[in-house]
Amino acid sequence: MSVRVQFEDFDVGAEIFRIRQSDKKVGAVASFIGVVRDLNEGDEVSTLTLEHYPAMTEKALLEIEAEAKKRWDIYDSLIVHRVGTLKPLDQIVLVVVSSAHRGEAFQACEFLMDYLKTKAPFWKKESTPSGDRWVDARSTDDAAAERWK
């Protein structure tokens, strides 16, 4: 299990290959890639800037990963989350989970993303033609995370 918060882009294929090769018992690998959209709340988005407090963010991500490990029989997981200024179509986040079976991998991957959206301390600012604005939490993200309680 590992987490990385970084400015650099990530290589999805290489990351999935590493997880897949980490244990000969792996029978399933599930992944999610989050990408910057060019439109939000009806406004064009030219950039998305993500900020965080490093020690606090990494601790929160490790706690989210540990919770997934307690709930599902997974072999390995990876969370890579980017920070800094990104443009539409840039990758923001990667979550990869391996397990013996697809059900465990899918559920753990979905849980990790739902909790990342609601519990990870990242602050997002969008640049639009009307100016910069901070992105508020979405009620749909909160509702998705609630089902795991």
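Just so it is clear, none of the values below were taken in a lab; they were calculated from the coordinates. Note that the structure is a prediction, hence the values are computed from the model and not measured. Quick reminder, even Gly has a Cβ in these numbers, built from the backbone with ideal geometry, and neighbours come from all protein chains shown.
Annotations for the structure displayed:
- Taking GluC sites (Glu not before Pro) in DSSP loop states with no more than 14 other Cβ atoms inside 10 Å as exposed sites, the chain has its longest site-free stretch at 42-149.
- Dipole orientation for region 8-65: of the candidates ALA60, GLY34, SER22, SER22 has the Cα lying most toward the positive pole (charges on Cβ; Lys, Arg +1; Asp, Glu -1).
- Tail beyond 20 Å, pair distance distribution of region 2-146 (Cα, percent): 49 percent
- Label-point separation in nm, GLU44 to TRP123, each point 7 Å along Cα→Cβ: 2.8 nm
- Computed E for ASP9/ARG37 - FRET, C-beta separation, R0 25 angstrom, nearest 0.05: 0.90
- Projected-area mean, region 52-93, by convex hull of Cα positions, square nanometres: 3.7 nm²
- Each residue of region 83-89 is assigned a 3J(HN,Hα), and the resulting list reads 10, x, 9, 10, 10, x, 6 Hz, derived from the Karplus form 6.51 cos²θ - 1.76 cosθ + 1.60 (θ = phi - 60°), x at Gly and Pro.
- Kyte-Doolittle at least -0.5, axis length at least 20 Å by Cα - qualifying DSSP helices, the chain: 102-119
- Share antiparallel - DSSP beta bridges, the chain, percent rounded to 5: 85 percent
- Given the chain, longest segment not containing exposed loop chymotrypsin sites (Phe, Trp or Tyr not before Pro) (DSSP; at most 15 other Cβ within 10 Å): 8-147
- Region 68-118-region 126-149 distance, computed between alpha-carbon centres (Å): 18 Å
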